[in-house]
1. How high is the relative contact order of region 15-302, in percent, counting Cα pairs under 8 Å that sit 6 or more residues apart?
2. Place a point 7 Å from Cα of Arg231 in the direction of its Cβ. Which residues in region 261-286 have their backbone N less than 14 Å from it?
3. Set the Förster distance to 35 Å, then compute FRET efficiency between Glu100 and Arg205 from the Cβ-Cβ distance, nearest 0.05.
4. Once the Cα gyration tensor of region 241-288 is diagonalised, what are the square roots of 5 times its eigenvalues, in whole Å and ordered largest first, as equivalent ellipsoid semi-axes?
5. Say we join alpha carbon atoms closer than 10 Å with springs in a Gaussian network model of the chain; which of Thr284, Thr25, Thr15 then has the biggest fluctuation?
6. As an exercise, identify the trypsin sites (Lys or Arg not before Pro) in region 22-93 lying in DSSP coil whose Cβ has no more than 13 other Cβ atoms within 10 Å.
7. Just want the ordering: Val256, Val175, from fewest to most Cβ atoms lying within 10 Å of their own Cβ.
8. Using only helices, what value at 222 nm comes out for the chain when you add -39,500 (n - 2.57) per DSSP H run of length 4 or more and divide by the total residues, to the nearest 500 deg cm²/dmol?
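Derivation of every value follows stated rules applied to the coordinates shown; laboratory data play no part. Note that this is a predicted model, so its numbers are computed, not measured. Every residue, glycine as well, gets a Cβ built from its backbone with ideal geometry; the counts of neighbours run over all protein chains shown.
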Amino acid sequence: MSTAALYAQPLGRPTVSFEIFPPRTPAAAAGLWRTVEHLAAVGPDYISVTYGASGSTRESSRSLVRQILGETSVTAVAHLTCVGASRDEVSTLVGEFLDEGVRDILALRGDPPKDQPDWLPHPQGLAYASELVALIRQIEHGRCAEARRRPDEPLSIAVAAYPGGVASPTRGADVAALLAKQAAGADYALTQVFYDAAAYAGLVREARAAGVHIPIVPGLIPMTDPGRLSRLEALTGVEPPADLMARLVAEDDRLVRHRVGIRASVDLAHAVLDAGAPGLHLYTFNKYEAALDLLEGVNLDGGASSAPDLASGPWVSAPSAH
């Protein structure tokens with residue numbers, strides 16, 4: 001089933017999906033595949049694979065997508081960015097993805113290279129994610145017209161949404177961008193990380209009022225590693241909860257710190273699901289333990305347990321964050 005179809009018909013349950021990024025070393029590749037196996041064991045609806053700034057992980061990203069498609073039963077969603085590339089280069093890459101059997105794409109403008117702090121589109125490139133969505137649709141339609149047939153399996157296109165952070169100056173601008181992506185042919189949206197359910201609910205409410213009807217899936221990070229949360233803040237401008245960060249930093253016991261972070265993550269997941277979220281998309285940072293513990297806490301792990309010492313439910317005995 002395509003990822004678009006997941007959200008086009010009632011499933012009777014929230015969807016579950018994960019994000020991973022391609023390995024940078026052979027040792028990391030072995031560890032990542034163990035993570036994929038653990039994630040695949042809980043039966044997720046899809047796993048998305050990131051694509052580095054300016055296509056810096058182009059080949060490794062494609063290789064990982066192929067491996068997931070070929071060696072697991074899980075749908076792989078290929079990230080695709082347009083930053084730093086010409087329209088022709090992007091078109092070639094889209095064609096290669098389609099030739100390899102990819103039917104699910106997350107279309108992103110992308111982040112500029114580290115040595116280019118300000119966003120500048122390629123002179124012959126695309127300036128917005130909505131333009132990338134339109135180009136992907138154009139290529140797919142052209143292929144079908146050339147072959148004089150309908151696609152064997154519809155192409156699904158996801159886009160990004162931003163409950164808070166530095167993506168654009170105002171919520172209104174974020175909603176307008178999301179509306180443009182929808183008009184270009186996007187099927188659903190995955191949000192950037194956030195830590196306040198009200199931010200997600202507010203985005204959805206304003207988007208619906210503006211005419212956005214595509215599903216908006218919340219993207220969550222298990223809040224167990226204060227260092228990772230700090231690095232993510234530097235990248236996104238989204239501040240993690242100060243009280244939770246203080247507790248995580250002050251806690252020397254790894255297991256207790258994990259329990260505290262999972263408790264907060266489970267609370268957030270429950271809150272967005274209660275607000276009507278169609279599913280959960282978890283940013284794993286290539287680690288499976290915390291992601292699966294979070295799912296266990298909201299009873300979406302398919303009955304699997306990620307670690308024996310946490311199988312009893314670490315969130316139950318953990319003190320709530322204040």
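1. 18 percent.
2. Of the residues in region 261-286, 284-286 have backbone N under 14 Å from the label point off Arg231.
3. Approximately 0.35, to the nearest 0.05.
4. Rounded to whole Å, the semi-axes are 23, 14, 9.
5. Looking only at Thr284, Thr25, Thr15, the largest GNM fluctuation is found for Thr25.
6. Arg24
7. Ordered by Cβ neighbours within 10 Å, fewest first: Val256, Val175.
8. -14500 deg cm²/dmol
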